[in-house]
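Notes follow once the structure below has been shown.
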Amino acid sequence: GENVEQHPSTLSVQEGDSAVIKCTYSDSASNYFPWYKQELGKRPQLIIDIRSNVGEKKDQRIAVTLNKTAKHFSLHITETQPEDSAVYFCAASAGGTSYGKLTFGQGTILTVHP
Amino acid sequence: NAGVTQTPKFRVLKTGQSMTLLCAQDMNHEYMYWYRQDPGMGLRLIHYSVGEGTTAKGEVPDGYNVSRLKKQNFLLGLESAAPSQTSVYFCASSYREKTQYFGPGTRLLVL
């Protein structure tokens, strides 16, 4: 089955700096890669996703890049703000008979210091 | 439009007791999922359903059963709770292979 590795496990940055979180996956059939943000005690919420026919996708201060050859994808947050502090999870899903099943990374605790 | 809701929010069980967690969605989604979240391990899929009357095993199904008698509801059962099942349980739903929307979670403590 699919295996998703996420690094780093913790990331501390100063407000205004950029943050990068990286994930690798094992199943070459995976074609959908969402990123979820989870604040303390809350539910995971989708912040951005990318499908395998796209190399990069941006949404304001957030961007995701995908390298299918190397089987890795990354989350980039620019101009970080204290409210970006949360746990971020990457995930991967294969199409077709996977029925949307997601395999998650272990999570990255991002702390943005004012 | 409540989205995905879960009942109960928190529960304490003794080893060997049974309980059922209820997930409900009002978005008319076909697919529903149950995950458990443990520290340092992300979310792991327990069981999932692709439609009313269908269920399938995920990554960590042992010790759990599920039922999907109605399209909007997905039940997760623990027949004989064990301390290893102490976790936070999240339900999610999606329109086929689209974005998964999560419920608020159920915290379960098994003593």
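Please verify whether the range B:87-98 includes one or more residues that are polar (S, T, N, Q) and free of Cβ contacts under 8 Å to residues at least 40 places away in the same chain. The answer is no; no qualifying residue exists.
To keep it simple, each residue is scored yes or no on (1) open to solvent by less than 20 Å² (accessible area, probe 1.4 Å); (2) part of a strand (DSSP E or B); (3) more than 14 Å from every other protein chain (Cβ to nearest Cβ).
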| position | (1), (2), (3) |
| --- | --- |
| B:Gln6 | yes, yes, no |
| B:Leu22 | no, yes, yes |
| B:Lys70 | no, no, yes |
| B:Gly77 | yes, yes, yes |
| B:Ala92 | yes, yes, no |
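In the range A:73-80, is there at least one residue being surrounded by 17 or more Cβ atoms within 10 Å (Cβ to Cβ) and aliphatic (A, V, I, L, M)? Yes, the conditions are met somewhere in the range A:73-80. Residue under question is B:Thr99, and the condition is that it be open to solvent by 50 Å² or more (accessible area, probe 1.4 Å), β-branched (Val, Ile, Thr) and either within 10 Å of chain A (Cβ to nearest Cβ) or not in a strand (DSSP E or B) (or both); does it hold? No, not satisfied. When the range B:79-90 is filtered for residues that are more than 10 Å from chain A (Cβ to nearest Cβ) and either surrounded by 14 or more Cβ atoms within 10 Å (Cβ to Cβ) or touching a helix residue (DSSP H, G or I) at 6+ places or on another chain (Cβ under 8 Å) (or both), the ones remaining, listed by number, are B:Ala81, B:Gln85, B:Thr86, B:Ser87, B:Tyr89. Taken over the range B:44-68, the criterion of being of a type in the set (Ser, Thr, Tyr), touching a residue at least 24 places away in the same chain (Cβ under 8 Å) and either within 10 Å of B:Tyr33 (Cβ to Cβ) or assigned to a loop (DSSP other than H, G, I, E, B) (or both) is satisfied by B:Ser49 alone. Taken together, A:Lys37, A:Lys42 contain a single residue that is assigned to a loop (DSSP other than H, G, I, E, B), surrounded by 13 or more Cβ atoms within 10 Å (Cβ to Cβ) and not polar (S, T, N, Q), which is A:Lys42.
The values are calculated or read from the model by the stated rules, or taken from the named source; none is laboratory data. Being a predicted model, the structure only gives us computed values, none of them experimental. All Cβ positions, even for glycine, are placed from backbone atoms using ideal geometry, and neighbour counts span all protein chains on display. Heads up: the accessible areas ignore ligands, DNA and RNA and are worked out on the full protein's heavy atoms, side chains in. Shrake-Rupley method; radii C 1.70, N 1.55, O 1.52, S 1.80 Å.
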